[in-house]
Amino acid sequence: MAAAAVRAAEELAEREMAGRDASHDAAHALRVRDLALSLAAELGLSSSPDRLLIVEIAALLHDIEVELEQGQREEIVAIIKGMGFKNEVSKKSVVEPTLEFAIVQDADRLDAIGAIGKYCLTEVSLSALLKQSFLQQLGCSKCCTGYAKSLPCTILFFPLLPLDSDGINLSSIARCFTYGGSKKNTLHDPKILPRDNLSKEKYMSKDEKQTSINHFHEKLFKLKDMMKTEAGKKRAEKRHKFMEDFVAEFYEEWSGRA
């Protein structure tokens with residue numbers, strides 16, 4: 001029964017998230033599921049199959065609205081509805097926090113700040129991957145992400161596989177620029193400053209022009225201190241440091257100092 005429910009959730013995520021940009025596609029849902037199960041094991045839930053099932057299905061479906069069967073439906077839906085960054089920005093909890101909720105939310109945020117490489121790279125350098133993200137950001141319509149194709153910019157991408165590496169932490173950076181490109185956001189504009197003390201309404205607003213680099217300041221750099229579990233906090237430290245180093249290098253190169 002549990003295995004069938006998990007497979008049904010996997011198939012639903014793959015079907016409903018097909019065609020989305022690589023920041024919120026089915027591969028993201030699968031990574032969050034794997035992170036959530038890893039955190040759950042570290043926090044002692046391995047001996048509780050019913051609780052693990054809630055964690056796994058909520059993680060798989062956290063970015064889509066679905067109808068679920070009776071039984072565990074209410075708790076799973078509550079996790080999905082309450083875990084968004086926008087809810088915490090508003091300082092109004094929409095769900096009673098449980099360990100399962102904390103695990104799934106931490107897993108989603110860990111994938112946002114990235115310690116597992118987003119792409120399994122073959123004949124692709126770190127600079128090439130970032131170059132492709134920038135080209136997409138700049139509107140290169142011939143470039144693509146996620147599948148092995150020959151591109152005008154001679155970059156090859158392959159289906160994502162989890163890559164646990166001390167040297168390559170690309171998930172948050174690749175997702176950030178991929179998402180920004182899909183929304184036609186500016187890569188960086190020194191005249192557009194990061195917004196402080198964002199309300200839920202301001203965070204969700206589409207009226208203000210924003211940049212991809214500002215997204216690090218407005219959201220990604222804040223996630224480390226918003227982790228709920230000790231396991232999530234520990235993993236977030238390394239991912240956060242990588243982002244800080246990347247953004248510092250970005251500013252150095254943008255200004256011509258590097």
- In segment 13-49, which residues are acidic (D, E) and closer than 22 Å to I64 by Cα? E14, E16, D21, D25, D34
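This table checks each residue for (1) aliphatic (A, V, I, L, M); (2) assigned to a loop (DSSP other than H, G, I, E, B); (3) surrounded by 16 or more Cβ atoms within 10 Å (Cβ to Cβ).
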site: R195; (1), (2), (3): no, yes, no
site: D207; (1), (2), (3): no, yes, no
site: N214; (1), (2), (3): no, no, yes
site: F221; (1), (2), (3): no, no, yes
site: D225; (1), (2), (3): no, no, no
site: G232; (1), (2), (3): no, no, yes
site: R235; (1), (2), (3): no, no, yes
site: K241; (1), (2), (3): no, no, no
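Being under 19 Å from the mean Cα position of the chain (by Cα), at pLDDT 80 or above and not β-branched (V, I, T) narrows it down to one residue among N169, N214; which is it? Talk me through it step by step, then tell me what you get.
Details: N169 fails: at pLDDT 80 or above.
The conditions single out N214.
Table: residues versus (1) crowded, with 23+ Cβ neighbours inside 10 Å; (2) part of a helix (DSSP H, G or I); (3) in contact with a strand residue (DSSP E or B) (Cβ under 9 Å, 6 or more places away or on another chain).
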{"site": "A13", "(1), (2), (3)": "yes, yes, no"}
{"site": "A18", "(1), (2), (3)": "no, no, no"}
{"site": "A27", "(1), (2), (3)": "no, yes, no"}
{"site": "A40", "(1), (2), (3)": "yes, yes, no"}
{"site": "S46", "(1), (2), (3)": "no, no, no"}
{"site": "D50", "(1), (2), (3)": "no, yes, no"}
{"site": "L53", "(1), (2), (3)": "no, yes, no"}
- Filter result for S182 (hydroxyl-bearing (S, T, Y), at pLDDT 50 or above and closer than 26 Å to V32 by Cα): yes
- From the option list V89, V77, V104, single residue qualifying as over 21 Å from A41 (Cα atoms) and modelled with pLDDT of 80 or more is V77
- Can you tell me which residue within segment 178-193, out of those that are open to solvent by less than 70 Å² (accessible area, probe 1.4 Å), assigned to a loop (DSSP other than H, G, I, E, B) and of a type outside the set (D, E), is farthest from A22 (Cα to Cα)? I192
- Considering each of D164, D189 in turn, give the residue that is among the acidic types (D, E) and modelled with pLDDT of 50 or more. D189
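The values are calculated or read from the model by the stated rules, or taken from the named source; none is laboratory data. In this text, all values refer to a predicted model and were calculated from it rather than measured experimentally. Reconstructed Cβ throughout: ideal geometry from the backbone, glycine too, with neighbour counts over all protein chains shown. Note: accessible area is taken over every heavy atom of the protein model, side chains too, but ligands, DNA and RNA are not part of it. Shrake-Rupley method; radii C 1.70, N 1.55, O 1.52, S 1.80 Å.
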